[in-house]
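Heads up, the thing below is written out as structure tokens.
The values are calculated or read from the model by the stated rules, or taken from the named source; none is laboratory data. All values reported here derive from a predicted model rather than from experimental measurement. Reconstructed Cβ throughout: ideal geometry from the backbone, glycine too, with neighbour counts over all protein chains shown.
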Amino acid sequence: MFILRSAFWLTVAYIAIGPKNVDLGATATELSAQALAAGQQVIVEQIMKTECTSIECIGGKAIVAAAMPATPSVDSSMQDSSKSPVPFPRPRPDWMG
């Protein structure tokens, strides 16, 4: 019974104070795509840094360079919140001190 009551009140609280007009699925998909692109960029940079002396290594680098789409380097942080700014609380009224 305790778990049922807890689940009920947590659901009520989420509905009351939860984020409104937010598509969590789209946001998660967008962040996932950004993380994947950043990871691919890091891997390609590490592969391109290695020094090659054999033809297999040079061929492998060429294949990796051809397979990767031309994307700019990921310089912005993953937590860039310029798209949806965080709401800040209102200032405290003067009469409250």
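Restricting the first member to the stretch 33-44 and to residues that are assigned to a helix (DSSP H, G or I), and the second to residues that are among the aromatic types (Phe, Trp, Tyr), no beta-carbon pair is closer than 6 Å while six or more apart or on different chains.
Residues in the stretch 1-57 that are of a type outside the set (A, V, I, L, M) and within 15 Å of residue 68 (Cβ to Cβ): 39, 40, 41, 45, 46, 49. Of all residues in the stretch 11-30, those that are surrounded by 10 or more Cβ atoms within 10 Å (Cβ to Cβ), farther than 20 Å from residue 85 by Cα and either small (Gly, Ala, Ser) or touching a Leu at 6+ places or on another chain (Cβ under 9 Å) (or both) total 1. Looking only at residues of the stretch 49-91 that are assigned to a loop (DSSP other than H, G, I, E, B), touching a helix residue (DSSP H, G or I) at 6+ places or on another chain (Cβ under 9 Å) and among the hydrophobic types (A, V, I, L, M, F, W, C), we find that the one that is modelled with the highest pLDDT is 52. Look at the stretch 81-97: where a residue is within 18 Å of residue 20 (Cα to Cα) and a partner is of a type in the set (D, E, K, R) and at pLDDT 80 or above, sitting 6+ places away or on another chain with Cβ atoms under 9 Å, you get 83/30.
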